[in-house]
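Written below as structure tokens is the structure these notes are about.
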Amino acid sequence: MESIMENIILTGYMGSGKTSVGKDIAKLVRYTFVDTDEMIVEQQRRSINDIFATDGEQAFRDMETALLRRLIDEGHTHLVISTGGGMPLRAENRQLLAALGRVVYLKASPGTIYNRIQGDTTRPLLQCRNPMKQIEEMLAVRGPLYEEGAMFTVDVNKLRQSEAAEACIGYLRSAGCAFA
């Protein structure tokens, strides 16, 4: 599917900077920032941890797909969308994301991610004995899917938040994206 809307979608593993970089991009290009995890929490009136514990990961993934369909159906434009780290795992979601806008993968190493999110108890998939190993294993599976679904990849390991935002905007401008 080809993107018909001028939205910017950020994908990547948890802790890659999708929310912080996304907010910077939104300010710079005067778009509205939204976070799909926050939208689901608001819609469900409960935390992601609670959704995972009560309904399971599959139900949460179904909620993500339904949210993407709704955003497309409602024709939202001029958004910077921070996605949940697992959203692009489904092929259907990768197609929906591409239909919704221009997808940028924020790529971070396991070490960078671990340093950013250690001690964060709001991440249900990392509530385990060895979070670093979990990150490495999940990135081995998810990394190729993030790459497959993205128009551009920005390596954020050595970039400050503002630099990552500028890099994303630069890539998008080079692809013909004109911002208001």
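The values are calculated or read from the model by the stated rules, or taken from the named source; none is laboratory data. Since the model is a prediction, treat every value here as computed from it, not as a measurement. Because the Cβ atoms are built from the backbone with ideal geometry, glycine has one as well, and the counts that use them run over all protein chains shown. Accessible surface areas use protein heavy atoms only, side chains included; no ligands, DNA or RNA. Shrake-Rupley method; radii C 1.70, N 1.55, O 1.52, S 1.80 Å.
A few notes on this one:
- Set of the stretch 61-86 residues, backbone N closer than 20 Å to the point 7 Å along the Cα-Cβ line of Arg116: 80-86
- Across the alpha-carbon atoms of the chain, the computed radius of gyration and Dmax are 15.4, 47 angstrom.
- The modelled label-to-label distance for the pair Glu137/Asn157, using points 7 Å beyond Cα in the direction of Cβ, is 2.3 nm.
- With all protein chains kept in place, the per residue accessible area of the stretch 21-81 amounts to 53 square angstrom at a probe of 1.4 angstrom.
- Apolar share of the accessible surface for the chain: 49 percent from carbon plus sulfur atoms, 1.4 Å probe.
- Multiplying the residue separation of Gln58 and Glu74 by 0.36 nm and removing their Cα-Cα distance gives an extension gain of 3.3 nm.
- If you take the Cα centroid of the stretch 125-168 and the Cα centroid of the stretch 19-82, the two points sit 18 Å apart.
- Derived from the Cα gyration tensor, the three semi-axes of the equivalent ellipsoid of the stretch 3-45 are 18, 14, 11 Å, largest first.
- When all alpha carbon pairs of the stretch 18-105 are counted in 10 Å bins from zero, the resulting P(r) reads 16, 50, 30, 3 %.
- Helix-only mean residue ellipticity at 222 nm for the chain, each DSSP H run of n ≥ 4 adding -39500 (n - 2.57), per residue, nearest 500: -17000 deg cm²/dmol
- Per residue, the convex hull around the alpha carbon atoms of the stretch 89-160 comes to 108 Å³.
- Charge-dipole axis of the chain as Lys and Arg at +1 and Asp and Glu at -1 on Cβ define it, positive-most pick from Ala164, Gly86, Met138: Ala164
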